[in-house]
């Protein structure tokens, strides 16, 4: 059993051979094994099925990467979650329920039983024995997100920032990887003078800095004099749009794409709860970090832009293809117009970054959508996902789903279409 010295001493005392010795030894052994399991790197405790899939589906993991967690559905049982691969689904996760014997042992298939979880894991590391693949690597734990700057450092001097590497350029400014105070890696958005009023920006930023959620890019600080600098947490993989169109996008499969969508919906559900509106939700304004972590960026800034080519709403710089008709035509921006934009963002995910409404110019899109045209189902996109897009594009804003609903639908997408647990072979 591999007892350590302290456990050996525990069992060598006279107490172990008292009339209650059997019970005492059983409790001691149970406690020792319980502690051993909790200290094992592969034991992740009370994490959800969805979170286990998110961890395992990291592109750095290979087939057979695994973790053990508590079962969500059966008290006292465990679940073995294993990363698998096939040519149809690509990377996907299989879940095997680990059942407990009355005698205290464990099994996945009744023909192969083990006295403890360590033995079970050790066995399946050597043989697949009915699983989708033998166990290879323990699932790595996500590194904690970078913390913000000093709590009182809200407006910071421009001199405290260093622009290190230009990451991108848009109509209204540039995005840089930079360093604050020579120590902290940050992202810096620089806005062209005249893009927005510094006073209006500072007022909006006071609201934006209060929005804190794990799926929103954290706003750290600002330089409010022109040229305005917006300092945020740094996301190493850049914009979702560039990520989808790049080499990494080519190997993404439906499980990862749906997970990314659910993360965005989670961030927007928080925006919804806070009675805020994004106004410019699209793949270009989602940032990607390590392990396919997605966060919503640039919330609220669109309202402040003063460029005539943007404020005309049908101007060349306005993102008409992502904008709900009532917002594009009448300026009615609400959380429901954000839901419309999210439906368009889903097409960007499904097509790996293709521009929506291919072959159509902005004016044509506006006219066609007003007449009831909706984008067809993208190639290789499941009908159920396209049906979700169509609900986001309902003409009447109040008939569109909430982000809370969208988050739940996407998080449970595969759970509702596949068995809760995978059987082993020959059961």
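Screening residue 205 with (1) modelled with pLDDT under 85; (2) surrounded by fewer than 19 Cβ atoms within 10 Å (Cβ to Cβ); (3) out of contact with any helix residue (DSSP H, G or I) (no Cβ under 9 Å at 6 or more places or on another chain); (4) more than 22 Å from residue 265 (Cα to Cα) gives one miss only, at (2). Filtering the stretch 323-335 to residues that are surrounded by 24 or more Cβ atoms within 10 Å (Cβ to Cβ) and in a helix (DSSP H, G or I) leaves only 328. Restricting attention to the stretch 78-94, does a residue exist that is surrounded by 15 or more Cβ atoms within 10 Å (Cβ to Cβ), over 30 Å from residue 189 (Cα atoms) and at pLDDT below 85? The answer is yes, given that some residue of the stretch 78-94 is surrounded by 15 or more Cβ atoms within 10 Å (Cβ to Cβ), over 30 Å from residue 189 (Cα atoms) and at pLDDT below 85.
Rundown of residues vs (1) under 14 Å from residue 406 (Cα atoms); (2) in contact with a strand residue (DSSP E or B) (Cβ under 6 Å, 6 or more places away or on another chain), yes/no style:
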site	(1), (2)
244	no, no
247	no, no
250	no, no
267	yes, yes
271	yes, no
283	no, no
289	no, no
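Matching residues to (1) without any contact (Cβ under 8 Å) to a residue 60 or more places away in the chain; (2) outside any strand (DSSP E or B); (3) over 25 Å from residue 53 (Cβ atoms):
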site	(1), (2), (3)
193	yes, yes, yes
206	yes, yes, yes
222	no, no, yes
227	yes, yes, yes
252	no, yes, no
256	no, yes, no
259	no, yes, no
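Tell me the residue from 291, 275 that is assigned to a helix (DSSP H, G or I), at pLDDT below 95, surrounded by fewer than 21 Cβ atoms within 10 Å (Cβ to Cβ) and at positive phi, please.
Values: 275 fails: assigned to a helix (DSSP H, G or I).
Unique residue meeting the criteria: 291.
Summed over the stretch 36-73, residues that are in contact with a strand residue (DSSP E or B) (Cβ under 7 Å, 6 or more places away or on another chain) and not in a helix (DSSP H, G or I) total 18.
Listed here are the residues, each with its yes/no results for (1) touching a strand residue (DSSP E or B) at 6+ places or on another chain (Cβ under 8 Å); (2) closer than 23 Å to residue 93 by Cα; (3) surrounded by 12 or more Cβ atoms within 10 Å (Cβ to Cβ).
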{"position": "365", "(1), (2), (3)": "no, no, yes"}
{"position": "378", "(1), (2), (3)": "no, no, yes"}
{"position": "381", "(1), (2), (3)": "no, yes, yes"}
{"position": "387", "(1), (2), (3)": "no, no, no"}
{"position": "400", "(1), (2), (3)": "no, no, yes"}
{"position": "403", "(1), (2), (3)": "no, no, yes"}
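For the stretch 121-131, a tally of residues being touching a residue at least 40 places away in the same chain (Cβ under 8 Å) and either touching a helix residue (DSSP H, G or I) at 6+ places or on another chain (Cβ under 8 Å) or within 20 Å of residue 70 (Cα to Cα) (or both) returns 4.
Does residue 160 satisfy the condition of being modelled with pLDDT of 85 or more and surrounded by 15 or more Cβ atoms within 10 Å (Cβ to Cβ)? Can you show your working first?
On the way: modelled with pLDDT of 85 or more: yes; surrounded by 15 or more Cβ atoms within 10 Å (Cβ to Cβ): yes.
So residue 160 passes the test.
Taken as a whole, the structure places residue 263 among residues that are closer than 30 Å to residue 61 by Cα and assigned to a helix (DSSP H, G or I).
The single condition among (1) under 23 Å from the mean Cα position of the chain (by Cα); (2) in a helix (DSSP H, G or I); (3) more than 21 Å from residue 297 (Cβ to Cβ); (4) touching a residue at least 60 places away in the same chain (Cβ under 8 Å) that residue 348 does not meet is (3).
Scanning the stretch 119-129 for residues that are within 21 Å of the chain's Cα centre (by Cα) and either exposed (fewer than 15 other Cβ atoms within 10 Å of the Cβ) or not in a loop (DSSP other than H, G, I, E, B) (or both) turns up nothing.
Being assigned to a loop (DSSP other than H, G, I, E, B) and without any contact (Cβ under 8 Å) to a residue 24 or more places away in the chain is the filter here, so list the residues in the stretch 361-378 that pass it. Please lay out each step first, then the result.
Step one: of the stretch 361-378, the residues assigned to a loop (DSSP other than H, G, I, E, B) are 361, 371-378.
The answer is 361, 371, 372, 373, 374, 376, 377.
The values are calculated or read from the model by the stated rules, or taken from the named source; none is laboratory data. Because the structure is predicted, anything quoted here is derived from the model rather than measured. Cβ sites come from the backbone with ideal geometry, for glycine too, and all protein chains shown count toward neighbours.
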